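Structure, as structure tokens:
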Amino acid sequence: MHRLSKSESLSRSVSSIIAPQPSLKEDLPLLPCPHCGIAVKKFESHTKDNPNRLFYKCVNKMTQCKFWKWENEYLLYLKKHSASVIACLDSELDGRLQAKLDNLIDEFKKKCEDDERQIKALVASFDKIKLHNIITITMIVVLLIIVVVRI
Ligand SMILES: [Zn+2]
């Protein structure tokens, strides 16, 4: 058993030297770990045998979970579990849409508050002008009365 796993790991590292896997351009969806349910994360290998090679692993340190896959293996794993990938992407999309909607509502509220403030300022200055006009008209009327009475 021990020998087998050793040769397996040897063939794995040899194959990675012979045929280095180019990294995929897009990020793969991060599924919850099948062992402990915590989301897996993407990492980059900096070993001599696998420089800059991406891998995905569970970050659960409490149980020292062993879920760990090179990017190409993780892609195969995703293909095998397409239903959970779709569910995961679905809920991610829902979250993003909700966040976007919340942002839009916040922006709209702020804009409404700004508009309200501007309208209040306009009404206040309009009231001032109205008062000014009333005083001016009253003064003109008083002056006219004085002039008429004198004549
Ligand atoms: Zn795990």
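The values are calculated or read from the model by the stated rules, or taken from the named source; none is laboratory data. Remember, predicted model here, so these are calculated numbers, not experimental data. Every residue, glycine as well, gets a Cβ built from its backbone with ideal geometry; the counts of neighbours run over all protein chains shown.
Would you mind finding the one in 85, 40 that is of a type in the set (A, V, I, L, M, F, W, C) and part of a helix (DSSP H, G or I)?
Only one candidate passes the filter, namely 85.
Kindly indicate the residue of the range 37-88 that is polar (S, T, N, Q) and either closer than 18 Å to residue 27 by Cα or surrounded by fewer than 15 Cβ atoms within 10 Å (Cβ to Cβ) (or both) and also farthest from the ligand (Cβ to nearest atom) among those meeting that condition. Reasoning before the result, please.
Start the filter on the range 37-88 by keeping residues that are polar (S, T, N, Q), which leaves 45, 47, 50, 52, 60, 63-64, 72, 82, 84.
Imposing the further condition that a residue be either closer than 18 Å to residue 27 by Cα or surrounded by fewer than 15 Cβ atoms within 10 Å (Cβ to Cβ) (or both) reduces the set to 45, 47, 52, 63-64, 72, 82, 84.
Numbers: 45: 19, 47: 22, 52: 25, 63: 7, 64: 9, 72: 20, 82: 20, 84: 14 Å.
Per the criteria, the residue is 52.
Report every pair of residues separated by at least 6 positions or lying on different chains whose Cβ atoms are under 9 Å apart, first residue within the range 129-149 and small (Gly, Ala, Ser), second surrounded by 10 or more Cβ atoms within 10 Å (Cβ to Cβ) and outside any helix (DSSP H, G or I).
As it stands, the answer is none, since no pair meets every condition given.
Under the condition of being in a loop (DSSP other than H, G, I, E, B) and without any contact (Cβ under 8 Å) to a residue 24 or more places away in the chain, which residue from the range 43-61 is nearest to residue 91 (Cα to Cα)? Give the steps one after another, and end with the answer.
Residues of the range 43-61 that are in a loop (DSSP other than H, G, I, E, B), as a first pass: 47-50, 59-61.
Next, only the ones that are without any contact (Cβ under 8 Å) to a residue 24 or more places away in the chain stay: 47-48, 59, 61.
Values: 47: 35, 48: 38, 59: 21, 61: 25 Å.
By that ranking, first place goes to 59.
Could you say which residue among 91, 125 is polar (S, T, N, Q) and at pLDDT 90 or above? Give the derivation first.
On the way: 91 fails: at pLDDT 90 or above.
Sole residue among the options that is polar (S, T, N, Q) and at pLDDT 90 or above: 125.
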